[in-house]
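Worksheet: one structure, shown below.
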Amino acid sequence: MEAQKVEVPYKEMVLADGSPNESWLAGLRSSLKAMEEKGGEAMLFPLFTERECKDVDAALEITAAYKHCARRVKDCASVKGFFVPPVFRDMDRGAELVENFKTELLEKHPHYVFAD
């Protein structure tokens, strides 16, 4: 069975003040647990605009938000990993941002795989 691409919109996951939207993350976790019960697998796709990721500092904030997301769904066996945010590759220090994204998520989730 091929893993299903599950979009994780940054604008839903993070509140206007920059704090995590814990109720939205709880809903994501519930969806992933339901997928797990059916034997499904998921690859999470960080979804955000180039405007939201305007510079390296914004990219680091986005990485931190998806790291938090990964912690909230850590008990979901359906999650196989993440897509690497394509916007990162085209930015200044793109290779460094991609590597940082992977390193941050692998810190507590060494089983994750990454896709382009």
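If you count only protein heavy atoms and use a 1.4 Å probe, how large is the accessible surface of GLU61, to the nearest 10 Å²? For GLU61, solvent-accessible area is about 120 Å². Normalised by the number of residues in the chain, the average gap of Cα pairs under 8 Å and 6 or more apart makes the relative contact order 28 percent. Rolling a 1.4 Å probe over the protein heavy atoms leaves ASP92 with an accessible area of roughly 130 Å². Applying 1/(1 + (r/R0)^6) with R0 = 22 Å to the Cβ-Cβ distance of ASP116 and ASP75 gives a FRET efficiency near 0.25.
Within the full protein context, the accessible area of CYS69 is estimated at about 0 Å² for a probe radius of 1.4 Å. Among the trypsin sites (Lys or Arg not before Pro) in the stretch 1-70, those placed in a DSSP loop whose Cβ has at most 16 other Cβ atoms within 10 Å are LYS38, ARG51, LYS54. Per-residue accessible area (protein heavy atoms, 1.4 Å probe) orders SER31, SER19, SER78 as SER31, SER19, SER78, starting from the largest. Set against the labelled values (1) 90; (2) 101; (3) 227, volume of the Cα convex hull per residue in Å³ computed from this structure falls on (1). Accessible-area rank, largest first, for GLU52, GLU107: GLU107, GLU52, with all protein chains present and a 1.4 angstrom probe.
Each residue, GLU37 and GLU52, gets one label point 7 Å from its Cα in the Cβ direction; the gap between the two is 2.8 nm.
The values are calculated or read from the model by the stated rules, or taken from the named source; none is laboratory data. Owing to the predicted nature of the structure, the values given are computational and were not obtained by experimental measurement. No Cβ is skipped: glycine too gets one built from the backbone with ideal geometry, and neighbour counts run over all protein chains shown. Surface areas here come from the heavy atoms of the whole protein model, side chains and all, with no ligands, DNA or RNA. Shrake-Rupley method; radii C 1.70, N 1.55, O 1.52, S 1.80 Å.
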